[in-house]
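Enquirer: Take this structure first; my questions come after.
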Amino acid sequence: MLKQFFILCSGADTDILDKCSIGEQNKYAGIGATVFFTAVMATIAASYALFTVFDNLYASIFFGLIWGLLIFNLDRYIVSTIKKRDNVLDEILQATPRIFLAVIIAVVISKPLELKIFEKEINQVLLEQKNELTLANQNQIAEQFNPKIAELENNIVALQSQIDTKESEVNALYDTYISEAEGTAGTKLLGKGPVYKEKREKHDAGLAELQQLKADNKAKITAIESQITTLQGDYTANVAKSQPIIDNFDGLMARVNALGELPWLPSFFIFLLFLAIETSPIIAKLLSPKGEFDFRLQDQETTVKTWTTQQVAERKLLVKTDNDINNKVYTEIADEEEVMNYKRKMARELMQHQADAFLKKQKGVL
């Protein structure tokens, strides 16, 4: 039963193959088994590839089965349409487009399986790419906020610089009136005279201005710091919002690109393996000599072709003969006097009727 199933998979004519030897049947059973297991591998590969896209096991298996059936039908068609010829060149020309199709199928089947085989290495490449994307994303978002934050920080430095400058001025006034009181500078008179009071008042006025400046600038700095905190919060929110997109950067295309970053030789050998599997039925048919099945199939096809050609030739001859007979008969009739008289009589009556109809029409016009 398994043998019959594989023969069915090969696309061979079972009515003809049943009349062939056991060895011929086994050959086509082997070809059918290759077609079947290629379809199984295609189902597995498509299911995995679709799982990376849809992330749904049942949907991936369902569409994977549909893809496997499609590959099975294509392979079965390719193998069944290759027929042995008497000329090797004709066989190669016949198989060339089918080999191209087999190469395409091998690529489609092997690529998802390569993704599964090298999954750990691909995950490592994807991790590195995600880290690079994360840093690049943070830098790009920072470029939107950093100029504004830097401007606000510069404003804080400017406000603090105003306080420091004013504080230096007040300290200098303090040193001046203290020196005046000690008699070490100014009038160099010891004690708190009029000059001392003047300088002390100037210092006190400057100190009041300093305190007011500190209060005003502190309020401004607090407001600016609040703006900076808001901008930093917006930056963090934007980074957190875009991070899931980077974390999900592991789809089918990303994995295929990551596979391209790995050494090409292992992937190439896996492709060659599936190419050999996919093209093996075609190569087997091309290399094998003409077997019993091929002769029986050729006999059946040539029988139908010969019969059809004969029927077409007979129909053409029948039409030609009938035309010749009709031409001869009408030629002989054309020379008979009786036929001429009858035609003359009918023509005379037709002309009379035409003249009467014309006269009737002219009277109606008048």
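Just so you know, all these numbers are worked out from the coordinates, no wet-lab data involved. Owing to the predicted nature of the structure, the values given are computational and were not obtained by experimental measurement. Quick reminder, even Gly has a Cβ in these numbers, built from the backbone with ideal geometry, and neighbours come from all protein chains shown.
Enquirer: FRET efficiency for residue 241 and residue 127, Cβ-Cβ distance as r, R0 = 22 Å, nearest 0.05?
Expert: 0.55
Enquirer: Any chance you could count the Lys pairs in the range 307-365 whose alpha carbons are under 29 Å apart, treating pairs 8 or more apart or on different chains as valid?
Expert: 9
Enquirer: To continue, here is another question. Run the dipole for the chain about the Cα centre, Lys and Arg Cβ at +1, Asp and Glu Cβ at -1, nothing else charged, and hand back the magnitude in debye, nearest 20.
Expert: Dipole size: approximately 1260 debye.
Enquirer: Let me ask something additional. Based on other C-beta atoms within 10 Å, arrange 262, 89, 50 from fewest to most. Walk me through the intermediate numbers first.
Expert: Working: 262 15, 89 8, 50 21.
Exposure proxy ranking, most exposed first: 89, 262, 50.
Enquirer: Determine, from the Cβ-Cβ distance of residue 142 and residue 56 and an R0 of 41 Å, the FRET efficiency 1/(1 + (r/R0)^6), rounded to the nearest 0.05.
Expert: It comes out at approximately 0.65.
Enquirer: On a full-extension model of 0.36 nm per residue, what is the gain between residue 303 and residue 69, subtracting their alpha-carbon distance, rounded to one decimal in nm?
Expert: Once the chain is fully extended between residue 303 and residue 69, it gains 80.8 nm.
Enquirer: Checking understanding here: applying a Kyte-Doolittle mean of at least 1.0 and a length along the axis of at least 27 Å (C-alpha), which whole DSSP H helices in the chain pass?
Expert: Once both thresholds are applied, what remains is 22-54, 57-80, 88-117, 264-287.
Enquirer: Between residue 208 and residue 311, what is 0.36 nm times their sequence separation minus the Cα-Cα distance? Round to one decimal in nm.
Expert: On the way: separation 103, 0.36 × 103 = 37.08 nm, distance 12.54 nm.
Gain on extension, residue 208 to residue 311, equals 24.5 nm.
Enquirer: Here is a follow-up. At 7 Å along the Cα-to-beta-carbon direction for both residue 348 and residue 22, put a label point, then send me their distance in nm to one decimal.
Expert: Result: 9.5 nm between the two label points.
Enquirer: Let me ask something else about it. Based on the Cα coordinates of the chain, what is the per residue volume of their convex hull in Å³? Let's see the in-between values first.
Expert: Values: hull volume 180.8 nm³, N = 366.
Spelled out: Cα convex hull of the chain, divided by residues, is 494 Å³.
Enquirer: While we're on this one: Can you give the extra length, in nm with one decimal, that the chain gains between residue 168 and residue 93 once fully stretched, where that is 0.36 nm per residue apart less the Cα-Cα distance?
Expert: Going from the current span to full extension adds 17.2 nm.
Enquirer: Quick one: check the C-alpha center-to-center distance for the range 264-322 versus the range 147-172, whole angstrom.
Expert: 93 Å
Enquirer: Between the range 1-50 and the range 62-119, what is the C-alpha centre distance in whole Å?
Expert: 14 Å
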